[in-house]
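**Student:** Here it is: the structure, laid out below.
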Amino acid sequence: MHHPNPHGQFPKISNKSWIFETALIIGNVTIEDNVFVGPNAVIRADEPGSSIVICSGCNVQDNVVVHSLSNSEVRIGSNTSLAHGCIVHGSCQIGKSCFIGFGAVVFDCNIGTDTVILHRSIVRGVEIYSDKSSA
């Protein structure tokens, strides 16, 4: 389901992406080409000045939550996978070709390209540099 935020902004979703019918996408969200959004995922840019961009080729699996806070952006780089039940919250930048593990929480971070965040990790308020890092 796609809904506007309280400020009347609707999601912009590529017709080349596949969104499961029980996924909830709210507000100032841009989903580029070839993105998969699984069952019960929630992608919310519903606070004032918030935005979310999910770049091409991403895989947003079941029960993932992506939420942008007021006056902030969440950007998920191309070909990144957000595994089942993970949470990406706040202002976050996640680079290209990353993997955010099952049940992980990423809050207020910059995550570099080719980074793996392990299952059930909590990553808060840090920058993880690019090129095959692991947290």
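**Student:** Of all residues in the range 79-101, which are touching a Gly at 6+ places or on another chain (Cβ under 8 Å) and either assigned to a loop (DSSP other than H, G, I, E, B) or touching a residue at least 40 places away in the same chain (Cβ under 8 Å) (or both)?
**Tutor:** Answer for the range 79-101, where residues must be touching a Gly at 6+ places or on another chain (Cβ under 8 Å) and either assigned to a loop (DSSP other than H, G, I, E, B) or touching a residue at least 40 places away in the same chain (Cβ under 8 Å) (or both): Asn79, Thr80, Ala83, His84, Gly85, Cys86, Gly95, Lys96, Ser97, Cys98.
**Student:** Looking at the range 3-26, is at least one residue at pLDDT below 95, over 22 Å from Gly112 (Cα atoms) and either touching a helix residue (DSSP H, G or I) at 6+ places or on another chain (Cβ under 9 Å) or not in a loop (DSSP other than H, G, I, E, B) (or both)?
**Tutor:** Yes, the conditions are met somewhere in the range 3-26.
**Student:** Could you list, in sequence order, the residues of the range 31-65 that are among the polar types (S, T, N, Q) and within 15 Å of Cys92 (Cα to Cα)?
**Tutor:** Ser50, Ser51
**Student:** Is the range 30-41 home to any residue that is touching a His at 6+ places or on another chain (Cβ under 9 Å) and either in contact (Cβ under 8 Å) with a residue 40 or more places away in the chain or closer than 23 Å to Leu118 by Cα (or both)?
**Tutor:** yes
**Student:** Among the residues of the range 27-36, which ones are assigned to a strand (DSSP E or B) and acidic (Asp, Glu)?
**Tutor:** none
**Student:** Whether any residue in the range 57-69 is over 24 Å from Gly103 (Cβ atoms) and either in a loop (DSSP other than H, G, I, E, B) or within 15 Å of the chain's Cα centre (by Cα) (or both) is what I want to check.
**Tutor:** No, the range 57-69 contains no residue that is over 24 Å from Gly103 (Cβ atoms) and either in a loop (DSSP other than H, G, I, E, B) or within 15 Å of the chain's Cα centre (by Cα) (or both).
**Student:** Residues Ala23, Ala83, Ala45: which one is over 10 Å from the mean Cα position of the chain (by Cα) and within 19 Å of Ile128 (Cα to Cα)?
**Tutor:** The unique qualifying residue is Ala83.
**Student:** Please verify whether the range 102-123 includes one or more residues that are in a strand (DSSP E or B), in contact with a Leu (Cβ under 7 Å, 6 or more places away or on another chain) and either of a type in the set (Val, Ile, Thr) or over 17 Å from Ser17 (Cα atoms) (or both).
**Tutor:** No - not one qualifying residue is present in the range 102-123.
The values are calculated or read from the model by the stated rules, or taken from the named source; none is laboratory data. Note that the structure is predicted; figures quoted are calculated from it, not measured. In this analysis, Cβ positions are derived from the backbone assuming ideal geometry, glycine residues included, and neighbour counts consider all displayed protein chains.
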